[in-house]
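The values are calculated or read from the model by the stated rules, or taken from the named source; none is laboratory data. Because the structure is a prediction, the values reported are computed rather than measured. Here the Cβ positions follow ideal geometry from the backbone for every residue, glycine too, while neighbour counts run over all protein chains shown.
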Amino acid sequence: MSASSGRSDAAPLVRAEGLVRRYASSRGSVERASRRALQVVAVDGVDLDIPAGLTTALVGESGCGKSTLGRLLLALEPPSAGRVEYRGRDLAGLDAAALRAFRRRAQVVFQDPFGSLNPRLTVGSMLREALGVHGIARGDDARGRVEALLERVGLPADAAGRYPHEFSGGQRQRIGIARALSVEPEFVVLDEPVSALDVSVQAQILNLLRELQREFGLTYLFVSHDLGVVRNLADRIVVMHQGRIVEQGAADRILSTPEAAYTRRLLAAVPRIP
């Protein structure tokens, strides 16, 4: 599949069409900036389908626009041009109730779990808060759900009474995964979820993500700068460079016979075991 043919055979869960995101830049002289606002294009005309139930890996160097694209797909910020559809509905046209429902169905796991967890709340309080906000469970029901969810991601039930700083990096990432799963989503953006972890812990988290996907039928967008990390996880790979998609297709094909020179450079950077 070429970079220009971002469509898969299956009906997509999420679709981006002509997606652009520009940001104002402070570079340049005051006189020049006063005549014309300078802009940085982080995402530049992206067409992308994300098939339901599969893992689509979005790969590229830091600063290429991967995380920005992920935020656009989650409607965490608006596009400068183009559109994002979820189950065929344009996110820009959703009313408050429909957008709230979308927020429940689409979640994110961040690279830095400590930075994304409220240090003043216990783990149980954070998870129960999410359950309450979306009207899923309260009281004893919520407490039972939280304990079961923590155990499902490999943490003891008594972790609910502890604070984020009491956990290791890998454990905090498990908490981030539990928080995303607490509202029963179907689409999860995994934004560099293992890049800050030791290699052995990375493998544990990747295995957990695979298990959860099979169990709950999740659709993943796995954002990474490392093709080696996504090798055993991705069904499809999308390669991004300077805000544009340069190549995409089935993971096996991308990894064995990449078409784009940039993809070949990324593959060459993957460490090899002698």
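Quick one: GLU77 ticks every box in (1) surrounded by fewer than 16 Cβ atoms within 10 Å (Cβ to Cβ); (2) in contact with a helix residue (DSSP H, G or I) (Cβ under 8 Å, 6 or more places away or on another chain); (3) among the charged types (D, E, K, R); (4) assigned to a helix (DSSP H, G or I) bar one, so which box is it?
Among (1) surrounded by fewer than 16 Cβ atoms within 10 Å (Cβ to Cβ); (2) in contact with a helix residue (DSSP H, G or I) (Cβ under 8 Å, 6 or more places away or on another chain); (3) among the charged types (D, E, K, R); (4) assigned to a helix (DSSP H, G or I), the lone unmet condition for GLU77 is (4).
Scan region 28-46 for residues that are closer than 23 Å to LEU99 by Cβ and either among the basic types (Lys, Arg) or modelled with pLDDT of 95 or more (or both) and jot them down.
Residues of region 28-46 that are closer than 23 Å to LEU99 by Cβ, as a first pass: 42-43, 46.
Within region 28-46, VAL43, VAL46 qualify.
Tell me the residue from VAL194, VAL229 that is in contact (Cβ under 8 Å) with a residue 12 or more places away in the chain and under 24 Å from ALA75 (Cα atoms), please.
VAL194
Quick one: in region 47-78, of everything that is more than 15 Å from the chain's Cα centre (by Cα) and of a type in the set (Asp, Glu), which residue is modelled with the lowest pLDDT?
Only one residue fits best here, namely GLU61.
Which of the helices (runs of 4 or more DSSP H) found entirely inside region 112-193 contain at least 2 residues meeting this: touching a helix residue (DSSP H, G or I) at 6+ places or on another chain (Cβ under 8 Å) and surrounded by 20 or more Cβ atoms within 10 Å (Cβ to Cβ)? Can you show your working first?
Values: elements: 113-116, 123-133, 139-152, 169-181.
Hits in region 112-193: 123-133, 139-152, 169-181.
Could you please tell me which pairs satisfy a Cβ distance under 6 Å, a separation of 6+ or placement on different chains, a first residue in region 90-112 that is over 11 Å from LEU73 (Cα atoms) and touching a residue at least 12 places away in the same chain (Cβ under 8 Å), and a second residue that is charged (D, E, K, R) and in a strand (DSSP E or B)?
From residues that are over 11 Å from LEU73 (Cα atoms) and touching a residue at least 12 places away in the same chain (Cβ under 8 Å), the pairs are PHE110/ASP191; GLN111/ASP191.
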